[in-house]
Amino acid sequence: MANALHDEERRQFERLLSQQRFDRIGDRMAVLETFLTSEEHHTAEGWHRLIKEGGKDLGAPFVEQTLELLVKFGLAMRREFEGGPPRYEHRHLGEHHDHLICTACGSITEFHDPELEAMKSKAANQHGFHALRHKLQIYGLCEKCRKSRQPSMPLLLAAPGERLRIERLMGGQEAKRQLEELGLNLGAEVEVISANGGPMVLAVKGTRLALGRGVAQKVMVTQIPPQPK
């Protein structure tokens, strides 16, 4: 089934390129060939690297331009995930899926839930809204990253959006006193607002504070499981 679908996509892309009088049709078809070999969500740079590893160096600008053509012709989708460059994935006509994005390792998992799709349609209908397209991106930690963690870990390793409980403060008495003055007491719950370089920004007891990365290394925390709804 997949081979037949890919053959049809090859025919359609070549026909559209010819109709629109694009040059370097053979090279553009080579980009499509590599694109069809993977179901991963790669950046333009990532696709260029895969093509080069396959024996053709077409140049990064040309590869990105061709990927945008795949998007224009409905053979690919350009996805922008939080905190990263655009990524390109297959677009199969009549199909839709959503994404689970791990903020620790960057892995992206596709999923499709008929009940969730029905809820989205119901919400649109209730408001008299005619939905044309939508996207759902859920950010969190994948199973592999969760299993790789010890029962407690340095706050420095936490990802934005995580809710954590402080289990232990490392360092001397003066360092512990300063942390406690900031509200970072044993048992306190914190939420990580940002952790992408520079100081970590936390929410503690309704207050936002910035914590240096060296200090965050000395605060041992455990993850607070999400409450069932």
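Each value in this text was obtained by applying a stated rule to the coordinates, not by laboratory testing. As the structure is a prediction and not an experimental result, all values here were calculated from the model. Using ideal geometry, Cβ is built from the backbone for each residue, glycine included, and neighbour counts are taken over all protein chains shown.
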For this session: Calculate I(q)/I(0) for region 150-223 by the Debye formula, one identical point scatterer on each C-alpha and no solvent, and give its log10 at q = 0.21, 0.22 Å⁻¹ to two decimals.
Result: -0.83, -0.92
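Taking R0 as 45 Å, what's the FRET efficiency between residue 152 and residue 68 from their Cβ-Cβ distance, rounded to 0.05?
For R0 = 45 Å, the calculated efficiency reads 0.45.
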Problem set entry | Neighbour cut-off at most 16 other Cβ (10 Å), DSSP loop, GluC sites (Glu not before Pro), region 1-78 | 39, 40
Exercise. Pairs of lysine in the chain with Cα under 21 Å and at least 8 positions apart or on different chains: total?
Worked result: 8
Seminar exercise, completed: Longest principal axis of the chain (C-alpha) makes with the long axis of helix 2-19 (C-alpha) an angle, in degrees to the nearest 10, of 70 degrees
Exercise. Label-point separation (nm) for residue 100 and residue 53, each offset 7 Å from Cα along Cα-to-Cβ?
Worked result: 2.5 nm
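Where does the chain land at 222 nm, in deg cm²/dmol rounded to the nearest 500, when only DSSP H runs of n ≥ 4 count, each adding -39500 (n - 2.57), divided by all residues? Walk me through the intermediate numbers first.
Numbers: 8 runs with 85 residues, N = 229.
Roughly -11000 deg cm²/dmol at 222 nm, from the helical runs in the chain.
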Seminar exercise, completed: When the chain is treated as a Gaussian network with springs between alpha carbons less than 10 Å apart, the largest mean-square fluctuation among 119, 153, 77 is found at 119
For this session: Pull up all non-local amide H partners of residue 183: gap of 5 or more, or a different chain, and H-to-H distance under 5 Å with H placed in the peptide plane.
Result: none
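Normalised by the empirical 2.2 N^0.38 Å for globular proteins, what value does the Cα Rg of the chain take?
Values: Rg = 23.4 Å, N = 229, 2.2 N^0.38 = 17.3 Å.
The chain yields a ratio of 1.35.
What is the diffusion coefficient of region 98-146 in µm²/s, taking the Kirkwood radius over Cα pairs and the Stokes-Einstein relation at 10 °C with a viscosity of 1.306 mPa s? Please report the intermediate quantities before stating the final value.
Numbers: Rh = 12.4 Å.
Answer from the Stokes-Einstein relation: 128 µm²/s.
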For this session: Compute the length gained on full extension between residue 194 and residue 21: take 0.36 nm times their separation in residues and subtract their Cα-Cα distance, giving the result in nm to one decimal.
Result: 57.5 nm
Exercise. What's the center-to-center distance, using Cα atoms, between region 193-225 and region 145-165 in Å?
Worked result: 11 Å
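Where the only charges are on Cβ atoms (+1 Lys, Arg; -1 Asp, Glu), what is the dipole of region 26-81 about its Cα centre, to the nearest 20 debye? Please list the in-between numbers first.
Working: 7 positive and 10 negative charges, 25 e Å.
Here region 26-81 has a charge dipole of around 120 debye.
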Seminar exercise, completed: Dividing the alpha-carbon radius of gyration of region 2-90 by 2.2 N^0.38 Å, where N counts its residues, gives 1.02
Seminar exercise, completed: Sequence order, region 180-190: Karplus ³J(HN,Hα) from phi using 6.51 cos²θ - 1.76 cosθ + 1.60, θ = phi - 60°, Hz rounded, Gly and Pro as x, gives 5, 5, 7, x, 8, 8, 4, x, 5, 9, 10
For this session: Have a look at 127, 99, 42 and tell me which one the Gaussian network model of the chain (Cα, springs below 10 Å) gives the largest fluctuation.
Result: 127
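Which value, in debye to the nearest 20, gives the size of the charge dipole of region 150-223 about its Cα centre, when Lys and Arg are +1 and Asp and Glu are -1 at the Cβ?
Numbers: 9 positive and 7 negative charges, 11 e Å.
In total the dipole reaches around 60 debye.
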Exercise. Based on the Cα coordinates of region 97-229, what is the per residue volume of their convex hull in Å³?
Worked result: 147 Å³
Seminar exercise, completed: Lone Cys, the chain, Cβ cut-off 4.7 Å -> 105, 145
Exercise. Hey, if you put +1 on the Cβ of every Lys and Arg and -1 on every Asp and Glu Cβ in the chain, which of 66, 26, 188 ends up farthest toward the positive end of that dipole?
Worked result: 188
